[in-house]
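Taking it in order: structure first as structure tokens, then the write-up.
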Amino acid sequence: MSANKGYSAGSRLLHWVMALMLISMLFLGLSMVQSLAVWQVEAVTLHKSTGILALILVVLRLINKVYSCTPTLPTELPRLQRFAAHITHFGLYCAMILMPLSGWLMQNADGRVVQFFGLFQLPNLLGADIKYFAFFREMHGIVAWLFLAMIFMHISAALYHGLIKRDGVMSAMLTGKK
């Protein structure tokens, strides 16, 4: 790890809250499309509200990223691994934005409203249209599977750095220290 500090407490808190929330949301979403159980209506409502929260938090996270110092990767890390780390992080941020946006637009195209825990309703950006609904539903599903793959790569890389390399990459996000 470089000489600069680890992640700030705020960065770590946002990371871990979002990690737990997004992994839970992905598994909830996968279970919803596989089931017509009585709990599905409540699950969909929770999924929509939590999706809005995720969109708000990723915006906060991007603002935090601009204003906080991010530790650099170890200098001994091969160029290909550095590139993979940067591409994966970029992909994770894209997925964190595309998932709630595609879900919101999918609901709009199905003529449904999206509410945030019953507190307010998001505006409809699209009118009801089966073609748009099909497009955004497919997009939502594809991005979900790509998101899961990137999360798996991210966790695998973190474990590799924390348990095998012990180079401070994982501890920077766990404790804020290298």
Tell me, yes or no, whether the stretch 134-150 has at least one residue that is more than 19 Å from the chain's Cα centre (by Cα), over 27 Å from residue 16 (Cα atoms), surrounded by fewer than 16 Cβ atoms within 10 Å (Cβ to Cβ) and not polar (S, T, N, Q). yes
All conditions in (1) aromatic (Phe, Trp, Tyr); (2) buried (at least 17 other Cβ atoms within 10 Å of the Cβ); (3) modelled with pLDDT under 95 are true of residue 160 except (2)
Checking residue 111 against (1) at positive phi; (2) without any contact (Cβ under 8 Å) to a residue 24 or more places away in the chain; (3) open to solvent by 70 Å² or more (accessible area, probe 1.4 Å), only one condition comes out false. Which one? (3)
Selection from the stretch 34-60 of residues open to solvent by 70 Å² or more (accessible area, probe 1.4 Å) and over 14 Å from residue 99 (Cβ atoms) yields 34, 36, 38, 39, 41, 42, 45, 46, 60
If we keep just the residues of the stretch 67-99 that are open to solvent by 80 Å² or more (accessible area, probe 1.4 Å) and not charged (D, E, K, R), which is farthest from residue 136 (Cα to Cα)? 75
Residue among 99, 32 that is in contact with a helix residue (DSSP H, G or I) (Cβ under 7 Å, 6 or more places away or on another chain), at pLDDT 95 or above, closer than 22 Å to residue 135 by Cα and not acidic (Asp, Glu): 99
Consider only pairs whose beta carbons are under 9 Å apart and that are at least six residues apart or on different chains; among these, list those whose first residue lies in the stretch 21-45 and is at negative phi and whose second residue is of a type in the set (A, V, I, L, M) and not in a helix (DSSP H, G or I). 31/37; 43/37
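The values are calculated or read from the model by the stated rules, or taken from the named source; none is laboratory data. Since this is a predicted model, take the numbers as computed values, not measurements. Cβ atoms come from the backbone with ideal geometry, glycine included; neighbour counts cover every protein chain shown. Heavy atoms of the whole protein, side chains included, go into the accessibility calculation; ligands, DNA and RNA do not. Shrake-Rupley method; radii C 1.70, N 1.55, O 1.52, S 1.80 Å.
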